[in-house]
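Inspection log for the structure reproduced underneath, given as structure tokens.
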Amino acid sequence: MTVFPAESARTVLSPNRRSRPTFLLIGCAEMEAIPLPPESRFARPIVCRNLGNVVPPCADPDGGVAALVDYAIRVLEVRDLVVCGHTSCSAIHALSNAQAFQGIPTLSSWLRHLRSALNGFDFDPGRTSQAEIGLQLAEANVIGQLHHLHSHPAVLACLAEDKIRLHGWLYDDATGAIRTYSPEHCCFTEGAVVHAATTAS
Ligand SMILES: [Zn+2]
């Protein structure tokens, strides 16, 4: 087996630099659109979609997400990595109906990555409706998956060298608006409504 050094991998795997993605978006498979904010650094995504916009932690690799993260960082050299959840996420609803999925072992197993992300999560007692609780869980899942991203060595190394930026978004399926996570304030803030969104593929 031949192991290519990093520069050779860039030549082999990404020959067409004109179409090089500008950022990695890890989103939920059921999102009906891929949000594209107007900033040029978010012009062309390389997209990883799975149920619940999951980033399995490095110690529990699953589904090839880690390989795509490494590819995006080390080969495509993207500078922005986004975990994007959405407001009507079935994976979030599935968490509270685990009994219904006991006959689907692959799904039950996959949901462990959401439980891990939500470990230690505290409900805001001010949010009492099912919709509010679901929104709060979707937000917490984005934050938890960002924590999972931090477990990957390539991400840690690039963060230490200030080569990449991590972002948490929550896409509103009804309005197209993005709320962005602010680590400084530990909350999501209202963002611009995103009009330029690609249709799901
Ligand atoms: Zn979803």
Hey, residue 83 modelled with pLDDT of 90 or more, among the β-branched types (Val, Ile, Thr) and in contact with a Pro (Cβ under 8 Å, 6 or more places away or on another chain) or not:
no
Restricting the stretch 129-152 to residues that are out of contact with any strand residue (DSSP E or B) (no Cβ under 9 Å at 6 or more places or on another chain) and among the polar types (S, T, N, Q), the residue that is nearest to residue 186 (Cα to Cα):
136
Given the residues 143, 133, 178, which is the only one that is over 18 Å from residue 30 (Cα atoms) and either at pLDDT 90 or above or part of a strand (DSSP E or B) (or both)?
143
When you scan the stretch 20-68, how many residues do you find that are assigned to a helix (DSSP H, G or I), surrounded by fewer than 17 Cβ atoms within 10 Å (Cβ to Cβ) and within 16 Å of the ligand (Cβ to nearest atom)?
0
Quick check on my filter: what residues within the stretch 85-104 are assigned to a loop (DSSP other than H, G, I, E, B) and surrounded by 18 or more Cβ atoms within 10 Å (Cβ to Cβ)?
87, 88, 89
Consider the stretch 69-128. How many of its residues are within 28 Å of residue 154 (Cα to Cα), under 17 Å from the mean Cα position of the chain (by Cα) and of a type in the set (Ser, Thr, Tyr)?
2
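The values are calculated or read from the model by the stated rules, or taken from the named source; none is laboratory data. Fair warning: this is a prediction, and the values are worked out from it, not measured in the lab. Cβ sites come from the backbone with ideal geometry, for glycine too, and all protein chains shown count toward neighbours.
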